[in-house]
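**Q** What follows is a single structure, and I will ask about it in a moment.
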Amino acid sequence: MIKHLRSAADLDAATATLILDTAGEMASLAGREVKKLPTLRGRTVVNLFYEDSTRTRISFEAAAKRLSADVINFSAKGSSVSKGESLKDTALTLQAMGADAVVIRHQASGAPHRLAAWVDGSVINAGDGTHEHPTQALLDAYTMRSRLGRLDGLRVAIVGDVLHSRVARSNVLLLTTLGASVTLVGPPTLIPLDVAALSRSTKVSYDLDSVLPDMDVVMMLRVQTERMQDSFFPSAREYSRRYGLDLARMRRLPEHAIVMHPGPMNRGMEIAPEVADSSRSTIVEQVANGVSARMAVLYLLLGGKA
Ligand code: ASP
């Protein structure tokens, strides 16, 4: 088993499949009255969050607690980071406290790689800048596999602000490793060539309507205005008209196809509320599956057996 999960590229098909299978075992716990396993008793998991988060942070905390680990939550706000302490000095403090795993979210791409050089424990990337978010890709793959029964041969459209999306990067890497084919869709200004080049089979389209009838999965991305210094499209209304998923567009999908979104959503912009709340939407399921996927990652990286 790998020691760190810094990128979805750390996962080969066998390792990724083992994590998804283990997540399935973990999910069966969720239906029990007592949801805890004693597996990580006495181990310490630190959640080190330099950027805002709702789902990912709560999800990692729930995952570690369900495995009986001791959990330390650290947020940059209210810590010595606001006094200018460097990531390295914070890492050395965590090291001195004996962290077995550090879950890090950071605004700088590559921060988990740096951290892994400074701590002895496992480092898990919970989102670094616009770079990667590998556990999101795992929970997305898990959701697709449980809804559609397979990943191999699945046709997945990833739609919208690919440029600023760490979710898109990690999904392209993981899904293509597992045999799915990915089409990136959005305005040319938001589809960087380096993401398309992450795997040879990945395609690009600027026309959402023509792509939808051939897809098994459509994954809508949030338009990340907080990371935009330029204007990448004429107006929110124009964006929504061309690339927003509304009911009429959703009807172009094959009947079995599912609609995903990593959250948080801009309802009415990239996704219409009626689509987000429809029976094809897996958005709430993705959140629930996130806990199982992160339990599997913590369990396996910290030495659990398959
Ligand atoms: N929650 C995801 C992330 O942290 C997606 C998003 O923010 O749009 O990358």
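The values are calculated or read from the model by the stated rules, or taken from the named source; none is laboratory data. What you see is a predicted model; the values in this text were computed from it and never measured. Every residue, glycine among them, receives a Cβ derived from its backbone with ideal geometry; neighbour counts consider all protein chains shown. The accessibility values were calculated without ligands, DNA or RNA, using every heavy atom of the protein model including side chains. Shrake-Rupley method; radii C 1.70, N 1.55, O 1.52, S 1.80 Å.
**Q** Could you tell me whether region 64-132 comes out rounded, prolate or oblate from its Cα gyration tensor? Rule is a ≥ b ≥ c as square roots of the eigenvalues, rounded for a/c under 1.5, then prolate if a/b exceeds b/c, otherwise oblate.
**A** rounded
**Q** From zero outward in steps of 5 Å, how is the percent of C-alpha pairs of region 236-282 spread across the bins?
**A** P(r) for region 236-282, in whole percents per bin: 5, 23, 35, 23, 12, 2.
**Q** Can you work out the Karplus-derived ³J(HN,Hα) for every residue in region 273-289? Use 6.51 cos²θ - 1.76 cosθ + 1.60 with θ = phi - 60°, whole Hz, and x for glycine or proline.
**A** In residue order, the calculated couplings are x, 5, 7, 4, 9, 7, 6, 7, 7, 10, 4, 6, 4, 4, 5, 4, 5 Hz.
**Q** Also: Helix-only mean residue ellipticity at 222 nm, the chain, DSSP H runs n ≥ 4 weighted -39,500 (n - 2.57), per residue, nearest 500. What is it?
**A** That calculation yields -11500 deg cm²/dmol at 222 nm.
**Q** Next question, about the same structure. Can you work out the accessible area per residue across region 113-162, with the rest of the protein chains kept in place, probe 1.4 Å, in square angstrom?
**A** Each residue of region 113-162 exposes 27 Å² on average to a 1.4 Å probe.
**Q** How many Å³ per residue does the convex hull of the Cα positions in region 121-211 occupy?
**A** Residue-normalised Cα hull volume stands at 100 Å³.
**Q** Okay, next question. State the answer as a single residue: which of Asn171, Ser109, Val119 lies farthest towards the positive end of the charge dipole of region 90-187, with beta carbon charges of +1 for Lys and Arg and -1 for Asp and Glu, about the Cα centre.
**A** Asn171
**Q** Right, another one. Please list 3J(HN,Hα) in residue order for region 88-96, calculated via the Karplus relation 6.51 cos²θ - 1.76 cosθ + 1.60 where θ = phi - 60°; whole Hz, with x for glycine and proline.
**A** So the Karplus estimates, Gly and Pro as x, are 5, 5, 5, 4, 5, 5, 4, 4, 5 Hz.
**Q** Within the P(r) computed for the chain, what percentage of the Cα pairs occupies the region above 26 Å?
**A** So the portion of pairs separated by more than 26 Å is 44 percent.
**Q** Determine one quarter of the surface area of the Cα convex hull of region 72-192, which equals its mean projected area, and express it in nm² to one decimal.
**A** The number I arrive at for region 72-192 is 9.1 nm².
**Q** Run the dipole for the chain about the Cα centre, Lys and Arg Cβ at +1, Asp and Glu Cβ at -1, nothing else charged, and hand back the magnitude in debye, nearest 20.
**A** Details: 36 positive and 32 negative charges, 94 e Å.
Dipole size: approximately 440 debye.
**Q** Apply the Karplus curve 6.51 cos²θ - 1.76 cosθ + 1.60, θ = phi - 60°, to the phi angles in region 29-38 and return the couplings in whole Hz, x for Gly and Pro.
**A** Running phi through 6.51 cos²θ - 1.76 cosθ + 1.60 with θ = phi - 60° gives 5, 4, x, 7, 5, 9, 8, 9, 10, x Hz.
**Q** Right, next: Once you have a ≥ b ≥ c as the square roots of the Cα gyration tensor eigenvalues for region 177-275, tell me rounded if a/c is under 1.5, and otherwise prolate or oblate according to whether a/b is larger than b/c. Could the numbers behind the result be given before it?
**A** Working: a/c = 1.66, a/b = 1.07, b/c = 1.55.
Judged from the Cα gyration tensor, region 177-275 comes out oblate (a/c at least 1.5, b/c at or above a/b).
**Q** What's the long-distance tail for region 1-121, i.e. % of Cα pairs beyond 21 Å?
**A** 45
**Q** Another one. Dipole of region 186-306, Cα-centred, from +1 at each Lys and Arg C-beta and -1 at each Asp and Glu C-beta, to the nearest 20 debye?
**A** 220
**Q** At 0.36 nm per residue, and after removing the present C-alpha to C-alpha distance, how many nm does the segment from Ala14 to Ala197 gain when stretched out fully?
**A** 63.6 nm
**Q** Taking the alpha-carbon distance from Lys77 and a cut-off under 21 Å, which lysines remain once sequence neighbours fewer than 8 residues away in the same chain are dropped?
**A** Counting by Cα, and skipping residues close in sequence, Lys77 has these lysines nearby: Lys88.
**Q** How large is the charge dipole for region 64-139, taken about the Cα centre, if only the Cβ atoms of Lys, Arg (+1) and Asp, Glu (-1) carry charge, to the nearest 20 debye?
**A** Here the size comes out at about 220 debye.
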